[in-house]
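**Q** Pasting a structure here, questions to come.
The values are calculated or read from the model by the stated rules, or taken from the named source; none is laboratory data. Keep in mind it's a predicted model, so treat the numbers as computed, not measured. Positions of Cβ are backbone-derived with ideal geometry, glycine not excepted, and every protein chain shown enters the neighbour counts. These accessible areas exclude ligands, DNA and RNA; they are computed on the full protein's heavy atoms, side chains included. Shrake-Rupley method; radii C 1.70, N 1.55, O 1.52, S 1.80 Å.
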Amino acid sequence: MTSHKKNSFDIARHIAALMVIFSHHHALSGLPEPIFLGFETYGGLAVLIFFSISGFLISKSAMRSDDFISFTAKRIRRIFPALIGCAIVINILLGSIYFPDASFIHYLSRAVKTISLNGFNVFITSKDFTHTDLLNGSLWTLPLEVACYMIAGCIIIFSKKPQYFVAVLLIILFGAIYTLSFNVNIQILSIPVNLFFTRALAFFIGSVMAIYYEKWNKINIKLFFNIIFSILHVWN
């Protein structure tokens, strides 16, 4: 596996972040977001890129972990300190400034809701926004990603064999096809099922790529996929 300085994950993250800014500046202005190759908005594609990178790196972490508990502990240390700080600033600090009539318990309950991954919150201050139901809307992907982490952690409970990641990928693929084909629109806890399967598909594609890194990381294979991507781009 290449070192951090020799891989291109940071470049990919920055490109994806720029895609989000480009796409969302349309949405935040009340305009339709541009579509990439008739497939997905640039912002939606960027989310898939983030999930695939996460899947690549998290699966490596899972395979290196001694057990489910050690893997989960690493994920908690990575996510929740920053999330707690974010919840306090958004829900308690800014909430008390822009929504002064509410009680402290109200602010605290919203902070707890954010920290428990039970959705992001709406304040009355958002009533004049183009999208009135969003405040710090980027948190919507966090429950989906944590669910992917937990699935990866459950895999290593049973075995660290690469075939288990492939099996999960196939199950996720079936779920994505089913939910998209039948327009399944249900929510489990704070996770929209139709959104979960498509994002989880990107996550576990990244996982399988990480597990089989030595098999596909060859010039001829990468050249082939670059040619296919270029053809699709020109075709569109």
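**Q** Taking ILE172 as meeting all but one of (1) open to solvent by less than 80 Å² (accessible area, probe 1.4 Å); (2) hydrophobic (A, V, I, L, M, F, W, C); (3) at pLDDT below 95; (4) within 24 Å of LEU37 (Cβ to Cβ), write down the number of the exception.
**A** Going through (1) open to solvent by less than 80 Å² (accessible area, probe 1.4 Å); (2) hydrophobic (A, V, I, L, M, F, W, C); (3) at pLDDT below 95; (4) within 24 Å of LEU37 (Cβ to Cβ) one by one, ILE172 breaks only (3).
**Q** So, one more: If you go through the range 64-73 one residue at a time, how many are crowded, with 17+ Cβ neighbours inside 10 Å and either assigned to a helix (DSSP H, G or I) or at positive phi (or both)?
**A** Selection size over the range 64-73: 2.
**Q** Related question: Of all residues in the range 20-43, count the ones that are over 21 Å from LEU139 (Cβ atoms), outside any loop (DSSP other than H, G, I, E, B) and open to solvent by 80 Å² or more (accessible area, probe 1.4 Å).
**A** 1
**Q** When only residues in the range 143-166 that are open to solvent by 50 Å² or more (accessible area, probe 1.4 Å) and not β-branched (Val, Ile, Thr) count, which is nearest to THR114 (Cα to Cα)?
**A** MET150
**Q** Then there is this: Of everything in the range 172-208, what is β-branched (Val, Ile, Thr), farther than 16 Å from TYR149 by Cα and in contact with a Phe, Trp or Tyr (Cβ under 9 Å, 6 or more places away or on another chain)? Give them in sequence order.
**A** Listed by number, the residues that qualify are ILE177, THR179, VAL184, ILE188.
**Q** Here is a further query. Could you count how many residues in the range 76-117 are among the hydroxyl-bearing types (Ser, Thr, Tyr) and under 18 Å from the mean Cα position of the chain (by Cα)? Spell out the reasoning first.
**A** Let us first name the residues in the range 76-117 that are among the hydroxyl-bearing types (Ser, Thr, Tyr), namely 96, 98, 103, 107, 109, 114, 116.
When the remaining residues are screened for being under 18 Å from the mean Cα position of the chain (by Cα), the result is 114, 116.
Result for the range 76-117: 2.
**Q** Give me the pairs: first residue in the range 71-90 and within 20 Å of ILE151 (Cβ to Cβ), second residue open to solvent by less than 30 Å² (accessible area, probe 1.4 Å), beta-carbon distance under 6 Å, and six or more apart or on different chains, which are they?
**A** PHE71/ALA62; PHE71/SER65; PHE71/GLY153; THR72/GLY153; ARG75/TYR149
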